[in-house]
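Chemist: Let me give you the structure first, and then I'll get to my questions.
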Amino acid sequence: QVQLVQSGGGLVQPGGPLRRSCLVSGSICRLYTMGWYRQAPGKQRELVATITGDSNTNYPDSMKGRFTISRDNAKNTVYLQMNSLKPEDTAVYYCKATLLRSDYWGQGTQVTVSS
């Protein structure tokens with residue numbers, strides 16, 4: 001059974017950085033395409049970034065520049081580095097693992113950007 005466990009929630013001031021992590025257990029992390037998504041209150045869940053098993057990355061245009069996804073397959077962990085955070089980045093962030101037609105989601109953690 002594949003399980004994704006995300007690091008805890010975070011509170012950060014505007015302009016600050018924050019890194020999220022997602023540990024994959026129960027399977028071999030490098031087989032999966034991993035992604036980060038977020039959902040703000042009253043909004044649909046949106047894609048932040050994806051990374052393939054061989055570390056090819058993809059970002060929607062709206063996420064380019066401040067977000068960086070990376071992975072350490074030896075540690076079965078995927079990271080999301082967030083820089084220059086803005087209040088509108090406040091959301092619940094989720095990681096997702098995809099293999100063939102199966103998706104597995106992390107539990108989601110709150111990121112709050114506020115002074």
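The values are calculated or read from the model by the stated rules, or taken from the named source; none is laboratory data. The model shown is predicted, which means the values in this text are computed figures rather than measured ones. Backbone-built Cβ (ideal geometry, glycine too); neighbour counts: all protein chains shown. For the accessible areas, the whole protein counts, side chains as well, though only heavy atoms, and no ligand, DNA or RNA atoms are used. Shrake-Rupley method; radii C 1.70, N 1.55, O 1.52, S 1.80 Å.
Chemist: Explain nothing, just compute: Karplus ³J(HN,Hα) = 6.51 cos²θ - 1.76 cosθ + 1.60, θ = phi - 60°, for every residue of the stretch 43-51 in order, whole Hz, x for Gly and Pro.
Modeler: Rounded to whole hertz, the list is 10, 6, 5, 10, 6, 9, 6, 10, 8.
Chemist: What full-extension length gain, to one decimal in nm, is calculated for Leu99 and Gln3 as 0.36 nm per residue of separation minus the Cα-Cα distance?
Modeler: Numbers: separation 96, 0.36 × 96 = 34.56 nm, distance 1.31 nm.
Using 0.36 nm per residue and subtracting the Cα-Cα distance, I get 33.2 nm.
Chemist: Another one. Once the Cβ-Cβ distance between Leu11 and Asn83 is put in as r, and R0 is 22 Å, what FRET efficiency do you end up with, to the nearest 0.05?
Modeler: 0.85
Chemist: Round to the nearest 0.05 the FRET efficiency obtained for Ser25 and Ser70 when R0 = 22 Å and r is the Cβ-Cβ distance.
Modeler: Here the calculated transfer efficiency is 0.75.
Chemist: Send over a whole-number figure in Å² for the accessible area per residue of the chain, probe 1.4 Å.
Modeler: 54 Å²
Chemist: For the stretch 1-96, I need the span (max minus min coordinate) of the C-alpha atoms along each principal axis, in Å, sorted largest to smallest.
Modeler: 35, 24, 24
Chemist: On to the next question. Whenever you get a sec, compute what percent of the accessible area on the stretch 42-115 sits on carbon and sulfur atoms (1.4 Å probe). Intermediate results must be reported in sequence, preceding the final value.
Modeler: Details: 1810 of 4100 Å².
Carbon and sulfur atoms account for 44 percent of the accessible area of the stretch 42-115.
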